[in-house]
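The values are calculated or read from the model by the stated rules, or taken from the named source; none is laboratory data. As the structure is a prediction and not an experimental result, all values here were calculated from the model. Cβ coordinates were reconstructed from backbone atoms using ideal geometry, including for glycine residues, and neighbour counts include every protein chain displayed.
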Amino acid sequence: MACATIGNRRLPEAVSVFDGLQSAGRMHVLSISNSSKPKTPSIPSVDSQCVVLAAGVALFVVLLDVLTKWAITKELGPGSDRSSIEIAGSFFELHFAQNGGVAFGLLDGNSTFAGILVGLVIVPLSIVLLYLAGRGASWAIGSGFVLGGATGNLVDRIGDQTVTDFVSIGRWPSFNVADASITVGALLLIVLSYRTPRDEQPVHENDPR
């Protein structure tokens, strides 16, 4: 009787311990299965207001480019009284020049090929730049400069397949507002690509934060 009593007392304790081991085992298996699941990469959100900002910057660049080219053609183009305007002597001056290539005189003399190249690139370039613009205001400004410059030269190329250049600095090839805009925008995007946003920085396990 004593042995039976002791066994009856210990039976619930043994069952409780067994249940606890089963629960711990299930939790361990669940933890392993969750850790083995591949993590789905997060897709960065696109800010529509920044896309609108990029479009506004691009439109401003196009209008400024068209206006300056029109003014230079009227004042220094064929049939005008003067051929150049000196800003800092012969080192920095404004003069009328036509370029059949792309930015900074590249591919000059191949106007047909340059026009086809620009036409093929402008659509995918616009999509990529508008996507980058959604990352933030700085990205929007840089993308807007590049998109506006590319569009400005494309608009100028319609007709005679040439682009008007008028800024001459030293030995640097002549350029225009669109070329300068593309350069500034591209440099800004390069700088931004090397910066890691604070909220995207990895947090280490021992980080006190």
Problem set entry | Hey, Val146 out of contact with any strand residue (DSSP E or B) (no Cβ under 7 Å at 6 or more places or on another chain), at pLDDT below 90, assigned to a helix (DSSP H, G or I) and not aromatic (Phe, Trp, Tyr) or not | no
Seminar exercise, completed: Going through (1) surrounded by 24 or more Cβ atoms within 10 Å (Cβ to Cβ); (2) at pLDDT below 90 one by one, Arg198 fails only at (1)
For this session: Would you tally the residues in segment 56-91 being β-branched (Val, Ile, Thr) and either touching a strand residue (DSSP E or B) at 6+ places or on another chain (Cβ under 9 Å) or surrounded by fewer than 14 Cβ atoms within 10 Å (Cβ to Cβ) (or both)?
Result: 5
Seminar exercise, completed: Just one listed residue, out of Leu120, Leu125, is part of a helix (DSSP H, G or I), surrounded by 15 or more Cβ atoms within 10 Å (Cβ to Cβ), at pLDDT below 85 and of a type in the set (A, V, I, L, M, F, W, C), and it is Leu125
Exercise. Given the structure, is Ile182 within 29 Å of Glu86 (Cα to Cα), outside any loop (DSSP other than H, G, I, E, B) and at pLDDT 90 or above?
Worked result: yes
Exercise. Under 6 Å by Cβ, and 6 or more places apart or on different chains, what pairs join a residue from segment 153-164 that is in the same structural domain as Val177 (by TED's automatic domain parsing) and over 17 Å from Ala71 (Cβ atoms) with one that is assigned to a loop (DSSP other than H, G, I, E, B) and at pLDDT below 85?
Worked result: Thr162/Gly100
For this session: Those residues that are within 10 Å of the chain's Cα centre (by Cα), crowded, with 17+ Cβ neighbours inside 10 Å and farther than 14 Å from Val52 by Cβ, I need them from segment 136-167; list them, please.
Result: Gly142, Val146
